[in-house]
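The values are calculated or read from the model by the stated rules, or taken from the named source; none is laboratory data. Model, not experiment: these values are computed from the prediction. Here the Cβ is made from the backbone with ideal geometry for all residues, glycine too, and neighbour counts use every protein chain on show.
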Amino acid sequence: MSVKIYNTITRTKELLKPIEPGHVKLYVCGITSYDYCHIGHARSALAFDMIVRYLRYRGYKVTYIRNFTDIDDKIIKRAAEQNTTTEELANRFIDEFYVDMDKLGVERPDMEPKATEHIQEMIDLISELIAKNMAYPAGGDVYYSVNSFPGYGKLSGRNLEDMQAGARISVNENKANPMDFVLWKASKTGEPSWESPWGPGRPGWHIECSAMSRKYLGDTFDIHGGGQDLIFPHHENELAQSEGANDKPFVNMWIHHGFVTIRDEKMSKSLGNFLTIRDILEHYHPEVLRFFIFSTQYRNPLDFSEAAMQDAMTGLDRLYQCVAAVERLVENCSDSAAPVASGNDRKKLDSMEERFQKAMDNDFNTALAQGILFETVKILNKILRQLPEIPARVDHDLLISTTATMKKLASIMGLLQEDANEYLAAKKAAMLADINISEEEIQNLIQERNQAREAKDWASSDAIRDRLLEQGIELKDGPEGTGWTVKRS
């Protein structure tokens with residue numbers, strides 16, 4: 001196997017070489033559970049869902065850990081605003097997270113530890129750092145001394161001296177250096193707290209992942225993942241804590257996915273461009289969102305727009321329409337009836353899986369992998385169009401096996417998971433529910449328009465198109481004929 005992954009810390013693509021041959025150990029930073037999940041969370045969950053599925057498809061055993069941050073400043077503030085406990089709030093939004101992930105078809109990780117269930121492991125790790133003079137108690141808090149770790153900044157590429165020079169003077173006079181970060185916070189009145197050698201308090205954000213990853217994956221493991229916004233300070237601080245305590249490399253490979261933007265701006269509540277997963281799934285099938293996210297390679301920025309989602313929906317429909325057409329053909333043909341593929345097309349169909357693997361082996365290039373699926377669809381549609389004109393009758397295993405392989409490969413991205421005919425029927429029913437015209441009327445007008453086009457009566461053809469457009473029906477002419485969809489505003 002030759003899977004290459006872009007490693008953030010080395011800034012190069014490297015061959016995946018698990019510490020334990022054939023067994024990949026992966027840790028991904030999960031959500032802070034205080035609100036509904038947005039499309040950025042969807043990208044993260046789907047990206048690593050795809051990566052795990054692909055590695056398992058390629059024959060690796062994968063141990064996948066993703067945590068929940070269930071104690072944090074944001075959780076404390078939101079719980080106070082809602083007059084509830086941090087535990088109730090965090091658990092409620094963990095449950096809502098699962099609702100969203102299940103709708104998206106995201107497979108569950110092998111383990112999903114919560115921060116509050118690993119307080120002792122964090123206390124133990126902090127104690128080790130204090131014993132090594134890499135951390136110091138101050139006023140009930142405990143801070144990590146960044147100057148004690150010579151490699152600080154190697155993940156993000158930042159220079160500690162430059163960061164120190166540019167840092168504002170910390171309002172916390174307990175810090176020895178403005179860049180030092182908190183490992184343990186002394187509790188304030190009314191806040192949840194746990195007993196520790198430094199007094200009652202709660203863990204800082206960064207220490208939880210170091211403690212939980214060490215417990216479940218060991219001092220050194222294969223891959224740590226998350227969004228690019230976590231590179232600094234979260235992952236930089238994790239690395240410093242873990243390598244400082246263990247005197248070993250923390251992670252062999254770092255994977256970071258790109259941002260989701262809306263109109264080329266980073267999604268933000270303050271900008272009013274914040275979209276939850278639920279907002280999107282009110283209007284689009286979950287696989288449309290998956291198709292959209294995987295139409296861009298995971299490290300690149302992804303700009304959300306209605307036009308992009310419409311394109312994704314059209315692309316997904318095309319995949320399903322091809323599968324449905326092949327299945328209808330096979331169902332209606334005798335065992336010996338099938339079309340013949342040309343030599344070049346046959347080679348492309350036979351090599352589809354190999355070419356798909358080549359794309360995905362190169363840092364999980366789902367955009368290129370989708371292109372290979374569409375090339376396959378194009379060939380299958382060409383064969384189907386030629387069927388009435390091809391006199392040869394040969395075994396139709398080619399169509400069956402190609403479609404089965406296409407569905408297997410698409411499943412790595414979570415696509416083509418439904419029965420094709422049921423998907424298309426549901427899609428049509430949903431579209432008809434939004435308009436005041438029947439399918440029979442639409443088809444009759446399309447037939448009239450086709451007759452006008454054959455007679456070169458372009459004025460009548462255009463008039464029918466405009467009439468349908470006024471009723472929200474957009475026609476799409478293609479090699480397979482004229483299709484229609486409901487135009488969204």
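Side notes on the structure shown:
- Looking across region 92-123, the residues that are in a helix (DSSP H, G or I), within 17 Å of the chain's Cα centre (by Cα) and either outside the structural domain of Gln82 (by TED's automatic domain parsing) or of a type in the set (A, V, I, L, M) (or both) come down to Val99, Met101, Leu104.
- Members of region 167-192 that are over 23 Å from Ser210 (Cα atoms) and either at pLDDT below 85 or surrounded by 19 or more Cβ atoms within 10 Å (Cβ to Cβ) (or both): Ala167, Arg168, Ile169, Ser170, Val171, Asn172, Glu173, Asn174
- In region 295-309, the residues that are at negative phi reach residues that are among the acidic types (Asp, Glu) with C-beta atoms within less than 7 angstrom, at least six apart or across chains, in these pairs: Asp303/Asp264.
- Restricting region 71-84 to residues that are free of Cβ contacts under 8 Å to residues at least 24 places away in the same chain and not in a helix (DSSP H, G or I), the residue that is nearest to Ser193 (Cα to Cα): Thr84
- Complete set of residues in region 349-362 that are out of contact with any helix residue (DSSP H, G or I) (no Cβ under 6 Å at 6 or more places or on another chain) and surrounded by fewer than 18 Cβ atoms within 10 Å (Cβ to Cβ): Asp350, Ser351, Glu354, Lys358, Asn362
- The residue pairs whose first member lies in region 396-418 and is on the phi > 0 side of the Ramachandran plot, whose second member is part of a helix (DSSP H, G or I) and surrounded by fewer than 22 Cβ atoms within 10 Å (Cβ to Cβ), and whose beta carbons are closer than 6 Å, counting only pairs six or more residues apart or on different chains, are Leu416/Lys407.
- Failed condition for Arg263, given (1) out of contact with any strand residue (DSSP E or B) (no Cβ under 6 Å at 6 or more places or on another chain); (2) outside the structural domain of Tyr36 (by TED's automatic domain parsing): (2)
- Region 40-51: number of residues that are at pLDDT 95 or above and more than 16 Å from Phe68 (Cβ to Cβ): 7
- Within region 7-28, the presence of a residue that is surrounded by fewer than 23 Cβ atoms within 10 Å (Cβ to Cβ), modelled with pLDDT of 95 or more and closer than 21 Å to Asp303 by Cα is excluded.
- Hey, Gly190 on the phi > 0 side of the Ramachandran plot and assigned to a loop (DSSP other than H, G, I, E, B) or not: yes
- Contact map, region 197-216: first residue part of a helix (DSSP H, G or I), second residue among the charged types (D, E, K, R) and surrounded by fewer than 22 Cβ atoms within 10 Å (Cβ to Cβ), Cβ cut-off under 6 Å, separation 6 or more or different chains; pairs are Ala211/Glu121; Lys215/Glu121.
- Ile442 being within 39 Å of the chain's Cα centre (by Cα), under 24 Å from Met313 (Cβ atoms), part of a loop (DSSP other than H, G, I, E, B) and in contact (Cβ under 8 Å) with a residue 40 or more places away in the chain: no
- Just one of the listed residues (Asn252, Asn246) is touching a residue at least 40 places away in the same chain (Cβ under 8 Å) and either more than 20 Å from the chain's Cα centre (by Cα) or buried (at least 23 other Cβ atoms within 10 Å of the Cβ) (or both), and it is Asn252.
- Selected residue (only one of Leu399, Leu409, Leu415 is within 25 Å of Ser295 (Cβ to Cβ), in contact with a helix residue (DSSP H, G or I) (Cβ under 8 Å, 6 or more places away or on another chain), not in a loop (DSSP other than H, G, I, E, B) and not assigned by TED's automatic domain parsing to the domain that holds Ile51): Leu409
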